Amino acid sequence: MSQPPSPIRRAQSTREDESPLPQGQCRYLLLHPEVRGQRCACVGFSLNRCTPGSSCNCGHLAVYHLTAPTEETLADKEEVETMRARIVLLEKLLEREREAKNHLTVRVSALEEHNEIGRFDADSEIRNVYRGIEGLWRHFGALDRRTRYHDDCIDALMDTSHATQDDIRTVQSRLIDLDDASMILEDRVDTLAPLRL
């Protein structure tokens, strides 16, 4: 037993046989009291394939649509196409901008990482310099103590040298006195020697 043909299939087959569907804008008057005389905003018939019959995606039948698009509608379609092209271009530009922003973010992250590494290296070098300076100060402290010790030794040597020089002067003056005494003795011996002969 064969099944009766589906009304949807029948509508599709009859559509193919009928004259072509309209292409123009919808002329249906909206029935809202706030918008009197306002027509549907649909600018071109687009077949709604979900419902049987020849209704547009705007919800109105094909009879409410103009058979051919008007020049105004064509201009609107051209404007829509131009707007679509501009939107595609803007989306591409936005995508490029996002990529550039991502690239910039990656570069900024790399620079921050490099900066952190540089800061860490600088901190470690500064710590090493401080350690070196601390060692130098210890050496300076030891050197200062040694310098004081050597200064004390030099002062003691100078005192000893002065005392020795004083002793030498005393010995020299005694030698001079001794020379004077020996000369006086020689003179006496010389004066006494002719008497003995």
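The values are calculated or read from the model by the stated rules, or taken from the named source; none is laboratory data. These figures come from a predicted structure and were not determined experimentally. Cβ placement follows ideal geometry from the backbone for every residue including glycine, while neighbour counts extend to all protein chains displayed.
Against the list (1) at pLDDT below 90; (2) assigned to a helix (DSSP H, G or I), the condition Leu111 fails is (1). Of Thr82, Thr67, all but one fail to be surrounded by 10 or more Cβ atoms within 10 Å (Cβ to Cβ), without any contact (Cβ under 8 Å) to a residue 60 or more places away in the chain, assigned to a helix (DSSP H, G or I) and of a type in the set (Val, Ile, Thr); the exception is Thr82.
Step by step: first the residues of the range 23-69, then only those that are at pLDDT below 85 and of a type in the set (A, V, I, L, M), then the one that is farthest from Val80 (Cα to Cα). Which residue is that? The residue in question is Leu31.
Would you confirm whether any residue within the range 131-146 is modelled with pLDDT of 90 or more and aromatic (Phe, Trp, Tyr)? No, that holds for no residue.
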